[in-house]
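Since the structure comes first, as structure tokens, the remarks are kept for the end.
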Amino acid sequence: MYVVRPQFFIPIITLLRNAALNSLKYKAELALVKSQNIDITNFENQLESFKGAFARNYDLASRNFEKAIEEIDKSIIHLQKTKDALLGTDRNLRLANDKAQDVTIKKLTRGNPTMAAKFAELKHAPKDTD
């Protein structure tokens, strides 16, 4: 217990009031620092959450990209096989055309006396004129 002389009563009350105001000021600053720490903690948690989600999405996108590249490679291989088959067909058609162009009546009738006689008859037959 304290005894205060009446002439010091007002200065003591002022001193206590100022101390209480300073205490409130420190409490407000402490609350502000605590809220900032909570904000920092929340920010760090949100950042880690974002990083995790981004990494997962990157991984999925990377796998899809690789899969698309593999499919393109397969398509290229398949198209190359189709091109080779078409080029082979073109060669065969060209050879067949060359063989068809080389066909003559002489070659067809060689070794076939019946056909040679028929073509000879046609060659010497009079032409009809209409």
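The values are calculated or read from the model by the stated rules, or taken from the named source; none is laboratory data. What you see is a predicted model; the values in this text were computed from it and never measured. Reconstructed Cβ throughout: ideal geometry from the backbone, glycine too, with neighbour counts over all protein chains shown. With ligands, DNA and RNA removed, areas are computed over all heavy atoms of the protein, side chains included. Shrake-Rupley method; radii C 1.70, N 1.55, O 1.52, S 1.80 Å.
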### Summary
Result of the Cβ filter at 8 Å on the range 3-18, keeping first residues that are open to solvent by less than 100 Å² (accessible area, probe 1.4 Å) and partners that are outside any helix (DSSP H, G or I) and at pLDDT below 85, at least 6 apart or interchain, is 12/4
### Task
From the list 47, 79, pick out the single residue that is aliphatic (A, V, I, L, M), open to solvent by 80 Å² or more (accessible area, probe 1.4 Å) and either touching a residue at least 12 places away in the same chain (Cβ under 8 Å) or out of contact with any His (no Cβ under 8 Å at 6 or more places or on another chain) (or both).
79
### Task
Return yes or no: is residue 74 within 30 Å of residue 123 (Cα to Cα) and of a type in the set (Lys, Arg)?
no
### Task
State yes or no: is residue 41 of a type in the set (S, T, N, Q), over 52 Å from the mean Cα position of the chain (by Cα), farther than 30 Å from residue 4 by Cβ and open to solvent by less than 90 Å² (accessible area, probe 1.4 Å)?
no
### Residue within the range 90-100 that is small (Gly, Ala, Ser), open to solvent by less than 70 Å² (accessible area, probe 1.4 Å), modelled with pLDDT under 95 and in a helix (DSSP H, G or I) present
yes
